[in-house]
Amino acid sequence: QVQLVESGGGLVQPGGSLRLSCAASGSIFSIIPMGWYRQAPGNQRELVARITAAFSTDYADSVKGRFTISRDNAKNTVYLQMSELKPEDTAVYYCTADLGARFWGQGTQVTVSS
């Protein structure tokens, strides 16, 4: 089992940037595929980005070129750098860890508004 704690959400103007962080418990972080999902009001939860243990990455088409997922295995942390934010990026962002079962963090709110 792994516990995930997200941070870094907040209110930002369109065109701005935010970096989300997700700290994971446990000693096997380096071999765990990690991801970020988001859910806007009235919408289904959707994949934003994911990163494998080998640092291979994958992005939703809507965020390609604007968001970057990365991981620091020494800190048991995965990041989501978000740039050129748009109002449609407003959502609760969740960190995930795939350990056979998928574990979820509690979520962090990102609001893009002027």
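Only Cα pairs under 8 Å and 6+ residues apart enter the sum, and on that basis the relative contact order of the chain stands at 37 percent.
Averaged per residue, the chain has 52 square angstrom of accessible surface, using a 1.4 angstrom probe with ligands and nucleic acids left out.
Expressed as a whole percentage, what fraction of the accessible surface of the range 36-114 belongs to carbon and sulfur atoms when a 1.4 Å probe is rolled over the protein heavy atoms? Heavy-atom surface of the range 36-114 belonging to carbon and sulfur, 1.4 Å probe: 47 percent.
Taking all protein chains as they are arranged and a probe of 1.4 Å, the heavy atoms of Lys86 leave approximately 80 Å² accessible to solvent. For the range 49-112, the relative contact order is 22 percent, taking Cα pairs closer than 8 Å that sit 6 or more residues apart in sequence and dividing their mean separation by the residue count. Across Phe29, Phe103, the residue with the most accessible area heads the list, and the full order at a 1.4 Å probe is Phe103, Phe29.
The values are calculated or read from the model by the stated rules, or taken from the named source; none is laboratory data. All figures in this text were calculated on a predicted structure; none of them were measured in a lab. Please note that ligands, DNA and RNA were not included when accessible areas were found on the heavy atoms of the full protein model with its side chains. Shrake-Rupley method; radii C 1.70, N 1.55, O 1.52, S 1.80 Å.
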